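The values are calculated or read from the model by the stated rules, or taken from the named source; none is laboratory data. Keep in mind that this is a model prediction, so the values were computed, not measured. Cβ atoms come from the backbone with ideal geometry, glycine included; neighbour counts cover every protein chain shown.
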Amino acid sequence: MLTDAQRILSEVFGYDQFRSPQDQIIDGLNCGRDALVIMPTGGGKSMCYQIPSIVREGVGVIVSPLIALMQDQVSALRLLGVEAAFLNSTLEFDQQRATEDAIRDSRLQMLYIAPERLIQPRTIALLKSCKISLFAIDEAHCVSQWGHDFRSDYLQLDSVLNQFPQVPRVALTATADERTRQDIIERLHLQQADHYICGFDRPNIQYRIAQKQTAKQQLLAFIKRDHPRDAGIVYCMSRKRVDSTAAWLAQQGYKALPYHAGLPVQTRAANQQRFLREDGVIIVATIAFGMGIDKPDVRFVAHLDLPKSVEAYYQETGRAGRDGASATAWMVYGLQDVINMRQMMAASNGNEEFKRVESMRLDAMLGLCEISSCRRQVLLRYFGEEAEPCGNCDNCLTPPVVWDGSLAAQKALSCVYRTGQRFGANHVIDVLLGKESDKISQYGHSQLSTFGIGRELKDKEWRSVFRQLVARGLLVVDVDSWGALKLAASCRSVLRGEEEISLRRDPVTKQDGTRKTRR
Ligand code: ADP
Ligand code: ZN
């Protein structure tokens with residue numbers, strides 16, 4: 001015999017089966033128990049609260065910070081015949097009135113609401129006047145300052161929810177490092193809740209990370225070769241780079257559209273709509289784009305700049321291949337990314353502890369970039385899962401060549417030391433190569449014992465050495481003095497020749513689209 005939940009799954013949503021553990025989560029909520037759901041993007045979190053909202057008496061209240069998406073979700077539900085509505089700052093006065101009337105008359109099955117709206121006394125009074133079937137707190141990581149998307153309104157949710165002690169609550173997120181998880185449990189009082197922590201592997205996504213050379217050309221070669229007519233997302237750090245990259249891809253004949261917070265609201269909405277509705281649109285965006293975007297057939301996610309943490313990387317790349325068909329997560333990064341990122345972190349107005357955590361997160365991300373074994377293993381380990389080498393990442397498919405970089409590392413570190421730990425990689429490399437630059441004569445660096453001791457490697461190869469030394473924490477980028485490199489305490493054993501340093505040899509051609517394309 002079909003349960004109510006199964007009947008609704010097939011009759012309303014048109015699916016035949018629950019994905020595990022959707023059914024258990026739904027059963028628990030239907031019985032009035034609380035739940036914490038940590039499920040990767042695309043796993044099917046919405047169903048976990050939508051079905052109980054329909055099955056149970058009363059209105060399901062769904063808290064979401066993603067105002068832009070409420071409209072879409074509500075329209076989609078209405079098309080399926082579900083009585084859904086939303087309350088946020090975009091509504092006209094009479095629309096708002098109509099929704100409030102529907103709540104009072106118990107006509108709604110689901111109400112999507114922005115957190116800042118829910119915590120208003122007026123809204124609380126309104127909700128007290130009717131029956132509530134459940135509270136769903138979507139994007140629950142927003143409650144944590146350790147998460148990448150803290151929202152202060154989320155801190156007040158608990159005290160609102162406590163005014164409805166009979167109503168089960170479910171918190172959902174795709175972000176799940178241990179610290180964020182603990183914060184969610186504490187701040188939303190989920191100690192007694194059922195915890196569902198789902199597998200994080202996305203086997204259909206192929207992970208590829210290469211060294212940045214000519215970023216745009218590399219991107220073009222990648223798209224041309226692997227995804228010539230596919231929909232994809234290209235992430236850049238700055239708005240300026242979003243605009244220039246989108247314009248450039250468009251010139252190359254691709255349907256590329258920009259998306260960032262600096263664009264007029266209408267342009268943003270129009271570009272998002274085209275991405276969702278047309279085939280083969282590439283959206284070039286800052287991280288402002290994509291939270292909660294439900295487009296199943298995104299075939300690639302490309303990063304032209306380094307994400308600031310493994311969570312961010314996982315979440316952003318997770319927007320590829322939600323339909324389960326193969327997809328690519330492609331990224332290029334270079335030393336300058338690390339320097340930019342550290343500078344941004346230093347300039348942010350968080351406290352010292354916050355900055356320390358951010359810095360540790362970045363280190364983990366760098367570790368993922370520089371690893372020469374399976375990337376998926378490292379990624380999953382970060383989320384507490386053990387796995388075998390995957391066979392579907394660049395390192396598994398083309399194992400990187402490693403070389404004994406001990407001597408090169410010693411030279412690099414000594415040269416940083418001899419130049420007084422006051423210069424960036426460019427200058428130190430010039431000294432190693434014995435170049436005659438103005439800066440070198442200005443500082444008299446041709447007199448140093450390390451001048452010209454590195455001629456056996458090319459400029460590019462030294463760059464790779466420095467990048468890897470920074471990534472491993474042997475060199476530290478001093479953001480207070482324009483990215484000067486300093487020695488870390490851990491580099492002593494390397495300098496004394498007591499530690500072997502095995503470095504990745506960066507591929508010079510092919511594989512990651514580093515080939516120059518003729519135009
Ligand atoms: P999340 O919020 O976890 O990122 P969604 O709730 O948006 O994921 O679901 C992702 C996609 O999977 C949606 O297109 C959704 O309709 C689909 N989906 C969810 N549950 C099922 C199911 N049991 N069977 C088939 N498709 C499902
Ligand atoms: Zn692998």
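Descriptive notes on the structure:
- The strands (runs of 3 or more DSSP E) found entirely in the range 1-96 that carry 2 or more residues being within 24 Å of the chain's Cα centre (by Cα) are 35-38, 59-63.
- Residue in the range 307-322 that is under 21 Å from Asp201 (Cβ atoms), within 16 Å of ligand 1 (Cβ to nearest atom) and touching a Gly at 6+ places or on another chain (Cβ under 6 Å) present: yes
- Every test in (1) in contact with a Pro (Cβ under 9 Å, 6 or more places away or on another chain); (2) not in a loop (DSSP other than H, G, I, E, B) is passed by Phe200 save one, and that test is (2).
- One residue from Asn392, Asn351 being closer than 28 Å to Gly199 by Cα and away from ligand 1 (no atom under 16 Å from the Cβ): Asn392
- Top-ranked residue of the range 357-375 - restricted to ones that are hydroxyl-bearing (Ser, Thr, Tyr) and out of contact with any strand residue (DSSP E or B) (no Cβ under 9 Å at 6 or more places or on another chain), ranked as farthest from ligand 2 (Cβ to nearest atom): Ser359
- Inside the range 361-382, residues that are part of a loop (DSSP other than H, G, I, E, B) and out of contact with any Cys (no Cβ under 6 Å at 6 or more places or on another chain) make up a count of 3.
- Which numbered condition His445 fails, given (1) at pLDDT below 95; (2) crowded, with 20+ Cβ neighbours inside 10 Å; (3) more than 22 Å from Gln211 (Cβ to Cβ): (1)
Here is a yes/no grid of residues against (1) crowded, with 18+ Cβ neighbours inside 10 Å; (2) of a type outside the set (Gly, Ala, Ser); (3) without any contact (Cβ under 8 Å) to a residue 24 or more places away in the chain; (4) within 16 Å of ligand 2 (Cβ to nearest atom):
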site: Ile223; (1), (2), (3), (4): yes, yes, no, no
site: Val265; (1), (2), (3), (4): no, yes, yes, no
site: Gln273; (1), (2), (3), (4): no, yes, yes, no
site: Ile282; (1), (2), (3), (4): yes, yes, no, no
site: Asp294; (1), (2), (3), (4): no, yes, no, no
site: His303; (1), (2), (3), (4): yes, yes, no, no
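- Whenever a residue of the range 383-401 is free of Cβ contacts under 8 Å to residues at least 40 places away in the same chain and assigned to a helix (DSSP H, G or I), it has no partner that is within 16 Å of ligand 1 (Cβ to nearest atom) and β-branched (Val, Ile, Thr) lying with C-beta atoms less than 7 angstrom away and at least six residues away or across chains.
- Any hit, the range 362-369, residues being surrounded by fewer than 18 Cβ atoms within 10 Å (Cβ to Cβ), of a type in the set (D, E, K, R) and free of Cβ contacts under 8 Å to residues at least 40 places away in the same chain: no
- Filtering the range 430-450 to residues that are more than 42 Å from the chain's Cα centre (by Cα) and hydrophobic (A, V, I, L, M, F, W, C) leaves only Leu448.
- Residues located in the range 322-338, provided they are hydroxyl-bearing (Ser, Thr, Tyr) and within 18 Å of Ser309 (Cβ to Cβ): Tyr333
- Residues that are assigned to a helix (DSSP H, G or I) and basic (Lys, Arg), drawn from the range 405-454: Lys411, Arg418, Lys439
- Hits in the range 220-261 - residues which are over 20 Å from the mean Cα position of the chain (by Cα) and assigned to a loop (DSSP other than H, G, I, E, B): His227, Pro228, Arg229, Asp230, Gln252, Gly253, Tyr254, Lys255
- Selection from the range 216-240 of residues that are of a type in the set (A, V, I, L, M, F, W, C) and more than 18 Å from Asn340 (Cα to Cα): Leu219, Leu220, Ala221, Phe222, Ile223, Ala231, Ile233, Val234
- Qualifying residue in the range 328-340 (condition: assigned to a helix (DSSP H, G or I), modelled with pLDDT under 85 and surrounded by fewer than 19 Cβ atoms within 10 Å (Cβ to Cβ)): yes
- Matching entry among Arg492, Arg505, Arg418 (being under 22 Å from Gln211 (Cβ atoms) and either under 29 Å from the mean Cα position of the chain (by Cα) or at pLDDT 90 or above (or both)): Arg505
- Test: Asp337 is within 15 Å of ligand 1 (Cβ to nearest atom), over 13 Å from the mean Cα position of the chain (by Cα) and not basic (Lys, Arg): no
- Counted residues, the range 225-242 - those being surrounded by 23 or more Cβ atoms within 10 Å (Cβ to Cβ) and either hydroxyl-bearing (Ser, Thr, Tyr) or more than 19 Å from Leu335 (Cβ to Cβ) (or both): 5
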